[in-house]
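Worksheet: the structure to be examined is printed underneath.
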Amino acid sequence: MSTDTEFRPRTILVTGASGVFGREITEHLVRRGHRVVGLSRRPPESIHPGTTFIPADIRDVDAVTRAMEGCDVVAHCAWAMDAHFGDPAERAINIDGTANVLTAMERTGASRIVFASSSTAYGPRPHDRSKLKESVALAPHPEAAYAVHKAEVEAMLAAAPVDAISIRAGIVLGRRIDNRVRNLMAGPALAVVKGQPSLWQVVHADDVGRFFTLACERGPAGPVNLASEEILDVEQVGRAFGKRVVAVRQDWLEKGIDTLYRRKLMPVNRGDFEFVLFQPLLDTTKLKEEFGFECAWSGPDTLEDTRLSLTGVMGIGDKAVDVPWRRAFRPGRVPVDTPALDGVKLELGGKPDQVGEFDSPVDPRFTCFIATNFSEALPGPATPLSLTAVAPAFAQAGVAVVDFLGMTGVAKNEAYARMFSIQGHRVYMNVATGAAVGELSPGWDADSFAAQYLGRHIQDLPALDFSDLPMDKPEGIQGQIKVAGGMGVRLTGVLAGYRRDIDTMLAEVKRFSRLVGDPADRTDAQLESLFSLGYDLQCHGWRLAGLGAVLAGAATNTAEQLAGSKGVVSSVGEGLTSAEGLGGVRRLARLAAADPAVLEVLTSGGTGLYQRVQEVSPRFANAVKEALSSFGHRGPAECELASRVFADDPDLVLRTVGKAATAPERSSGAEHAEPLVPRRARPAVKLARWATGERERDRDALVRVIHLMRSIAREQGRRLTSAGVLNSSADVFYLTFDELFAPGADAKETVARRRAERERLASIRLPIAFVAPWEPEPATTALGVGDQLSGVAAAPGKARGVVRVVTPETAHLVEPGEVMVTAVTDVGYTPLFGHAAAVVTDIGGLLSHAAVVAREFGIPAVCDTATATARLVDGMEVEVDGTAGTVTVLATP
């Protein structure tokens with residue numbers, strides 16, 4: 001953490017900023033509080049906020065000098081990674097490029113350089129399988145240019161009048177690698193020499209980033225080994241990667257490698273092969289004793305994590321191609337202030353005195369925004385930690401949809417960066433990019449997309465002419481055929497592999513849970529690494545959720561068109577993962593109703609309900625424990641990291657169980673008569689139900705990830721409070737992702753300022769739909785007897801009851817037979833309104849999670865009323881007509 005007295009922010013030049021090392025180092029340096037200048041020929045796909053990127057070639061000494069102006073330290077990672085087959089460019093990049101860096105350091109006064117060397121510089125060690133210290137002479141294989149150049153650069157640095165550290169890393173792996181090493185690992189099998197053991201020593205890219213950051217700040221000059229302690233055999237590697245290990249005679253392998261390399265069909269020559277066969281093993285005594293550094297990732301865990309990077313790709317030589325039947329793992333973030341492709345200046349989304357610190361800028365050509373289904377993922381105003389560690393991952397749903405649809409040009413750039421926008425620290429969708437999604441999706445169009453996801457308030461905005469969107473369009477019949485063909489391939493691939501993708505996501509979440517365990521048992525470095533893993537898993541999960549939304553929405557629209565009526569996809573039929581909370585509460589309610597002792601405890605009120613029912617009925621307590629293992633990670637505002645979920649307070653569930661046990665039994669939607677579906681519409685109905693169910697499995701996994709991240713953040717808050725950095729552990733949610741593990745000396749003042757800002761934003765009622773700049777909604781008056789609110793008919797049926805207006809913190813106060821009224825209902829609410837008469841929300845469309853679950857369990861629901869929480873008050877008696885989409889006031893308090 002940056003709370004130690006030795007810390008001094010520096011300006012650091014990272015060469016090769018777009019590579020694996022460069023990206024990891026940049027992220028860790030920014031989190032630590034340093035200013036980073038990134039240099040490479042091409043910008044990285046994801047530029048970490050707080051980084052200045054300069055496009056330049058390491059072979060241009062003047063460009064390197066300009067980039068280095070004002071820098072204190074250089075993290076030198078620029079290197080020719082791909083096979084060059086003897087091309088002089090390889091030496092020009094590696095050797096001459098390093099000479100340019102040293103020249104630029106002399107010109108600018110930068111005094112410290114940290115070089116990304118490699119264990120390959122030791123060369124293959126067939127006769128020495130002991131762990132090597134840094135004092136051992138380097139002996140790179142003469143045919144391995146990569147290794148020869150590493151050793152030559154180390155000698156250059158040792159002779160230069162600079163403070164130089166050369167980091168000799170073992171094989172660098174991990175989920176974020178996308179370089180030559182990953183591509184070779186993505187092949188169909190791992191080949192080894194028959195009868196010859198193959199030993200590996202690896203290091204996680206995350207540990208590389210952390211150690212580079214440490215070395216940029218302090219530590220003795222000279223070489224240092226970097227690797228995890230464990231020595232692994234190739235069989236372990238194969239099992240972790242899911243690859244066959246094929247044993248081949250050495251002479252056959254060598255002959256084949258020589259032949260393929262000469263013909264430039266394989267990037268590995270004999271020198272590379274012998275290194276892999278006889279990798280040097282590294283002694284890390286200096287790393288631990290002189291730098292005080294311990295790897296956060298063990299060797300086996302590093303291997304498991306690397307398997308994610310192989311998802312959805314196939315290695316061909318040293319290249320990798322996406323396979324159409326799986327979704328590739330591509331974490332990262334696209335900054336919301338990414339410039340428009342054509343240089344149009346971005347503007348504020350609201351008035352300068354009203355916008356929040358983390359609000360998104362707006363392209364003046366894309367100024368229409370709406371909050372409907374998407375706001376349920378992160379109801380606001382969200383905390384800074386959620387806005388920087390959940391919202392950017394949520395935006396990956398839009399990125400996946402854009403790639404799937406083949407969107408291009410200015411519109412693609414806008415959808416990537418700002419399809420989901422933060423305004424007033426609440427989530428909005430850009431209407432134009434949403435309409436483009438509907439227009440480009442097979443089986444969909446802009447109007448049907450708006451009806452399903454944008455809600456009726458889209459009518460309050462100016463009419464959108466899709467033809468006017470700044471988007472590249474295919475020219476001529478050949479262009480249209482090409483676009484349609486590409487879409488067909490992608491659609492077929494998603495349909496073929498979506499369930500397996502979700503299964504993989506669930507397996508990764510299970511691994512994440514195992515790694516997190518009890519956060520109190522983890523080191524500071526492990527907590528930071530695991531929080532980052534959680535973010536990356538979110539990115540992947542939200543990408544899958546975006547594809548599921550397209551599949552479900554387009555299939556629903558197609559089914560309704562073929563059937564000639566709405567509502568033909570009213571139920572999933574097999575049950576939803578996201579409905580497990582409500583189903584669990586009902587099962588517990590039936591158990592409680594059959595046990596007078598338990599029921600007496602649950603209806604008596606007070607605290608400590610779980611301990612009390614455990615005393616009267618261990619059997620019931622075990623049933624509660626089992627239920628919480630299924631849905632305890634859920635709760636109101638469950639994607640907000642600062643929220644408390646059911647596992648945090650079992651009494652929340654038990655109070656609800658007690659109310660449900662005394663409420664009249666309601667039949668579930670699954671027991672209702674199925675709508676008559678014409679034969680021609682049945683395949684589309686089946687697809688819609690299947691996609692919805694799979695999407696909900698993914699969404700449940702996402703919420704588990706967020707809850708595990710919540711537990712990590714809480715533990716970090718406890719540690720920062722114990723260290724005197726924060727006043728209370730709850731303050732941790734007012735730090736950003738980058739500040740969480742390096743909060744800075746003024747953390748208390750930062751927290752106080754952001755708390756005040758969140759309170760200010762909470763007092764503002766933002767419009768559901770607006771054209772930027774937004775302004776607060778005017779005050780409204782309560783409805784009178786006979787007055788009516790209209791909204792989206794989200795779940796059919798009629799119900800009467802007394803109004804209870806709730807927030808995520810007060811939803812548990814709903815009594816049996818009351819009408820729950822709230823701004824937005826996410827799935828985490830559903831266990832709490834199993835005994836409610838009906839549900840009414842300000843926002844949320846036909847395919848909102850709450851609407852889907854309400855239909856599944858036969859609960860009348862009216863969504864997207866805009867003003868229900870402002871115009872309905874506690875104690876009103878109302879009739880909710882979920883079929884007509886109306887709420888009528890029958891009596892006032």
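No lab work stands behind these numbers, since they all come straight from the coordinates. Every value quoted in this text rests on a predicted model; they were computed, and no experiment measured them. Neighbour counts run over all protein chains shown; Cβ positions are idealised from the backbone, glycine included.
The 3J(HN,Hα) values that the Karplus relation (6.51, -1.76, 1.60; θ = phi - 60°) gives for segment 347-353 are, in residue order, 10, 5, x, x, 5, x, 8 Hz. Gly and Pro appear as x. From a point 7 Å beyond the Cα of D163 in the direction of its Cβ, which residues of segment 220-241 have a backbone N at a distance under 18 Å? Within reach of a label on D163, which here means backbone N under 18 Å from a point 7 Å along Cα→Cβ, segment 220-241 contributes 220-224. What does the C-alpha gyration tensor say about the overall shape of segment 619-751? Classify as rounded when a/c is under 1.5, otherwise prolate if a/b is larger than b/c, or oblate. Verdict is oblate for segment 619-751. Placing +1 on each Lys and Arg Cβ and -1 on each Asp and Glu Cβ, with no other charges, gives segment 788-891 a dipole about its Cα centre of roughly 180 debye.
Residues of segment 183-204 with an amide N closer than 16 Å to a point placed 7 Å from the Cα of E230 along the Cα-to-Cβ direction: 199-204.
Note on M487 and K351: the extension gain reaches 44.9 nm, defined as 0.36 nm multiplied by sequence separation minus the Cα-Cα distance. Each residue, A507 and R760, gets one label point 7 Å from its Cα in the Cβ direction; the gap between the two is 5.0 nm. Measure nothing fancy, just the Cα-based angle from helix 20-32's long axis to the longest principal axis of the chain, in degrees from 0 to 90, nearest 10. Here the helix axis deviates by roughly 60 degrees.
Distant-in-sequence amide contacts of V313, defined by a placed amide H-H separation under 5 Å and a gap of 5 or more residues or a different chain, comprise V323. Put a plus charge on the Cβ of each Lys and Arg, a minus charge on the Cβ of each Asp and Glu, and nothing anywhere else: the dipole of the chain about its Cα centre is then about 1760 debye. Within straight-line reach of K625, meaning a Cα separation under 20 Å, sit the following aspartates and glutamates at least 8 residues removed in sequence or on another chain: D518, E580, D595, E600, E615, E638, D648, D649, D651, D700.
Computed from the C-beta positions of S722 and Q196 and an R0 of 51 Å, the FRET efficiency is 0.50 to the nearest 0.05.
Taking a straight line from the alpha carbon of K566, these lysines sit under 28 Å away, with near neighbours fewer than eight places off in the same chain left out: K686, K798.
I need the shape label for segment 11-322. Rule: rounded when a/c is under 1.5, else prolate if a/b > b/c, else oblate, with a, b, c from the alpha carbon gyration tensor. Taking the square roots of the gyration eigenvalues as a ≥ b ≥ c, segment 11-322 is prolate. By the rule of a C-alpha distance below 19 Å, with chain neighbours fewer than 8 residues away ignored, the aspartates and glutamates paired with K412 are E45, D337, D342, E347, D363, D403, E439, D445, D465, D468, D472, E475. Calculate, for A752 and E777, the FRET efficiency according to 1/(1 + (r/R0)^6) with r their C-beta to C-beta distance and R0 41 Å; round to the nearest 0.05. Plugging the Cβ-Cβ distance into 1/(1 + (r/R0)^6) gives 0.90.
Hey, which of these cross-link pairs are over 22 Å Cα-Cα: K351/K748; K131/K288; K131/K286; K131/K243? As for pairs spanning more than 22 Å Cα to Cα, those are K351/K748; K131/K243. When you work out D = kT/(6 pi eta Rh) for segment 1-132 at 37 °C and 0.692 mPa s, using the Kirkwood radius from C-alpha pairs as Rh and the Stokes-Einstein form, the result is 208 µm²/s. Taking Cα atoms only, the orientation of helix 650-662 departs from the longest principal axis of the chain by about 30 degrees. Here each label is just a point 7 Å from Cα along the line to Cβ, and for R800 and D283 those points are 8.7 nm apart. Based on DSSP H segments of at least four residues, each scored -39500 (n - 2.57), the chain has a per-residue ellipticity at 222 nm of -13000 deg cm²/dmol. Label sites at D447 and E294, each approximated as a point 7 angstrom past Cα along Cα to Cβ, lie 6.5 nm apart.
Less than 5 angstrom separates the built amide H of V792 from those of C863, D864, T865, all sequence-distant by 5 or more or on a different chain.
Shape class for segment 263-375: prolate, because the ratio a/c of the largest to smallest gyration tensor axis (alpha-carbon atoms, square roots of eigenvalues) is 1.5 or more and a/b beats b/c. For the Cα atoms of the chain, what angle does the longest principal axis make with the long axis of helix 97-108, in degrees from 0 to 90, nearest 10? Helix 97-108 sits at roughly 80 degrees to that axis. For the pair D524 and L260, the difference between a 0.36 nm per residue extended length and the Cα-Cα distance amounts to 90.4 nm. Whole-Hz Karplus values for segment 151-161 come out as 5, 5, 5, 4, 5, 4, 5, 5, 8, 7, x Hz, taken residue by residue from phi with 6.51 cos²θ - 1.76 cosθ + 1.60 and θ = phi - 60°; glycine and proline positions read x. Taking the charge dipole of the chain about its Cα centre, with +1 at Lys and Arg Cβ atoms and -1 at Asp and Glu Cβ atoms, the residue from P384, T781, A593 reaching farthest to the positive side is A593.
Could you calculate the FRET efficiency of I95 with R218 from 1/(1 + (r/R0)^6), where r is the beta carbon distance between them and R0 is 25 Å, rounded to 0.05?
That pair, I95 with R218, gives E of 0.35.
Under a 5 Å amide H cut-off, with hydrogens placed 1.01 Å from N, V248 pairs with V192, V193, K194 among residues at least 5 apart or on other chains. Between R682 and T810, the contour length at 0.36 nm per residue exceeds the Cα-Cα span by 41.9 nm.
Max-minus-min Cα coordinates of the chain on each principal axis give 88, 71, 59 Å, with the largest extent listed first. Along segment 48-53 the Karplus relation, 6.51 cos²θ - 1.76 cosθ + 1.60 evaluated at θ = phi - 60°, assigns HN-Hα couplings of 5, x, x, 10, 9, 9 Hz to successive residues, with x for each Gly and Pro.
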